[in-house]
Each structure stands twice: as C-alpha cells, then as structure tokens.
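The block underneath contains the structure these notes are about, expressed in structure tokens.
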Amino acid sequence: MSDYDFGLFSCLVVEDSSYLRTLMSSSLRALGVGNVKTVDDGSQGIEFLQLVQSDPMKAGMQNVDIVFSNWQMSLVDGMMLLRWVRRHKESPNRFIPFVMVTGYPDREKVREARSMGATEMLAKPFSVVNLVQRLLQVVNRPRKFVHTAKYFGPDRRRKAREVPPDKDRRKIDEQNVEVVHV
C-alpha cells in the first residue's frame, strides 16, 4: 500500500446504518483517503452529487472520485442511486466508479447490479482488506465504458480473451455499440 497516496482522493459513502457508515468512512480515512463524505440514503447522495457540481466550495470537495453505496435502504436505495448516476440527464458524472455494497451478494444480485452499471460489488460484512481490494481494483484496472441501446456502464467483461468468431454470441457492429473512453 505504500505505493499509493490517496490523499487527493474523494469518496462518497451512502449508507443508512450509522455503524456501517462510520466503519466505512473511518476505514477509508485510515487508508489515507483525503476526503470522505457520508450521507444516509440515495436521495441525499443525489443531492450531494448535484451540490458538488453546482457549488464545490459548499460541498467541501471539488469532485467525487468514487461512490460506495449500500443497496438496500429506505426511500432511495442504492440501485435507484446507481440508475440516476448512469442514466439521468442531470447526473454530473455518468462515468464515476460505483461500488455497490450488499448483504445479499448472490449471483443474481451481482448480475442485476452489473447490468445497471455497478463498477464493483462489496459484500457485507466486509473487512478492510475487501474494501482496499475494491478501491485498488477501481484505481489499477479502470474499465472502458460501453453505451448500447440497453446498457450504459463499465465494460462487464473483465478477462481479455480471444473468442472464436463462430462462438461469439455478441452481435457487435459500429451501429449498435459505442465504446467510450474515460
């Protein structure tokens, strides 16, 4: 970890449990993250992201480099926040890395979050090691963004491997897919 200086890094933690919100923000600060803002639910997350865009001085940070959001919260949950970030016209940064935090990391939930545009998943209960792994994954392996008629978000394929043309199920042509570099 000594190779990394997260002092200029800014994180937004969206979590309805005050215990987990404090645990996550304290862990990020202990890792050297310079600016950590916490909010109680997705609606406050949306308001804060808009505030950062409109008045960074009032928000207390110039930008948000990564969002850590709990999935299940009352009012506006993590999936609704993620949908707003990736798809809403007022979203200040559709490319922001988004880590979905959940206590139910089954295969279907992971697939659902990935299809909505989550960059990474973090299972509860998490350790500081798991938190560091997700943070380093975002920093060390940034992913290209893909925009199709049905999906906008980080490229869901993690492994670069050759697929024989007769086995490739993806229908890719220049009219249907646009790869967007950040």
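The values are calculated or read from the model by the stated rules, or taken from the named source; none is laboratory data. Since the structure is predicted, the reported quantities are computational estimates derived from the model, not experimental observations. Neighbour counts run over all protein chains shown; Cβ positions are idealised from the backbone, glycine included.
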Worksheet, complete the sentence: Within the range 30-43, restricting to residues that are surrounded by fewer than 20 Cβ atoms within 10 Å (Cβ to Cβ) and part of a helix (DSSP H, G or I), the one that is farthest from the chain's Cα centre (by Cα) is ALA30
Worksheet item: In the range 9-48, which residues are of a type in the set (Gly, Ala, Ser) and in contact (Cβ under 8 Å) with a residue 24 or more places away in the chain?
Response: SER10, SER17, SER27, ALA30, GLY32, GLY34, GLY42, SER43, GLY45
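Within the range 70-106, track down each residue that is surrounded by fewer than 15 Cβ atoms within 10 Å (Cβ to Cβ) and closer than 21 Å to LEU131 by Cβ. Walk me through it before giving the result.
To start, the set of residues in the range 70-106 that are surrounded by fewer than 15 Cβ atoms within 10 Å (Cβ to Cβ) comprises 72, 74-75, 87-90, 103-104, 106.
Scanning the range 70-106 gives GLN72, GLY103, TYR104, ASP106.
Yes/no per residue for (1) in a helix (DSSP H, G or I); (2) in contact with a Pro (Cβ under 9 Å, 6 or more places away or on another chain):
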{"position": "PHE6", "(1), (2)": "no, no"}
{"position": "LEU28", "(1), (2)": "yes, no"}
{"position": "LEU49", "(1), (2)": "yes, yes"}
{"position": "GLN72", "(1), (2)": "no, no"}
{"position": "LYS89", "(1), (2)": "no, no"}
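So how many residues does the range 1-43 have that are within 20 Å of ARG83 (Cα to Cα) and polar (S, T, N, Q)? Break it down into steps so the answer makes sense when it comes.
In the first step, residues of the range 1-43 are kept if they are within 20 Å of ARG83 (Cα to Cα); the result is 11-16, 38-43.
Narrowing further to those that are polar (S, T, N, Q): 38, 43.
Residues in the range 1-43 being within 20 Å of ARG83 (Cα to Cα) and polar (S, T, N, Q): 2 in total.
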Worksheet item: Going by the structure shown, is THR102 under 15 Å from CYS11 (Cα atoms), among the hydroxyl-bearing types (Ser, Thr, Tyr) and touching a strand residue (DSSP E or B) at 6+ places or on another chain (Cβ under 8 Å)?
Response: no
Worksheet entry | Top-ranked residue in the range 71-99 [being touching a Ser or Thr at 6+ places or on another chain (Cβ under 7 Å) and touching a residue at least 60 places away in the same chain (Cβ under 8 Å); ranked as nearest to ARG21 (Cα to Cα)] | GLY78
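Being under 20 Å from LEU8 (Cβ atoms), at pLDDT 90 or above and either in contact with a Lys or Arg (Cβ under 7 Å, 6 or more places away or on another chain) or outside any loop (DSSP other than H, G, I, E, B) (or both) is the requirement here; does GLN53 meet it?
Values: under 20 Å from LEU8 (Cβ atoms): yes; at pLDDT 90 or above: yes; either in contact with a Lys or Arg (Cβ under 7 Å, 6 or more places away or on another chain) or outside any loop (DSSP other than H, G, I, E, B) (or both): yes.
Yes: the conditions hold for GLN53.
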Discussion item. I'm told HIS88 meets every condition in (1) at pLDDT 90 or above; (2) over 20 Å from GLN53 (Cα atoms) except one. Can you identify the failing condition by its number?
Written reply: (2)
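For the range 107-140, give me each residue that is outside any helix (DSSP H, G or I) and surrounded by 14 or more Cβ atoms within 10 Å (Cβ to Cβ). Don't jump to the end; show me each part of the working.
Filtering the range 107-140 down to residues outside any helix (DSSP H, G or I) leaves 117-127.
Correct list: GLY117, ALA118, THR119, GLU120, MET121, LEU122, ALA123, LYS124, PHE126.
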Practice prompt. Please verify whether the range 14-33 includes one or more residues that are within 20 Å of ASN140 (Cα to Cα) and in contact with a Lys or Arg (Cβ under 9 Å, 6 or more places away or on another chain).
Written response: no
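Can you tell me which of VAL64, VAL52 is surrounded by 16 or more Cβ atoms within 10 Å (Cβ to Cβ), of a type in the set (A, V, I, L, M) and under 16 Å from the mean Cα position of the chain (by Cα)?
Values: VAL52 fails: under 16 Å from the mean Cα position of the chain (by Cα).
Exactly one residue qualifies, and that residue is VAL64.
Small (Gly, Ala, Ser) and touching a Ser or Thr at 6+ places or on another chain (Cβ under 9 Å): which single residue out of GLY32, GLY45 fits that description?
Working: GLY32 fails: touching a Ser or Thr at 6+ places or on another chain (Cβ under 9 Å).
That would be GLY45, the only listed residue that is small (Gly, Ala, Ser) and touching a Ser or Thr at 6+ places or on another chain (Cβ under 9 Å).
Would you call THR148 of a type in the set (S, T, N, Q) and surrounded by 14 or more Cβ atoms within 10 Å (Cβ to Cβ)?
no
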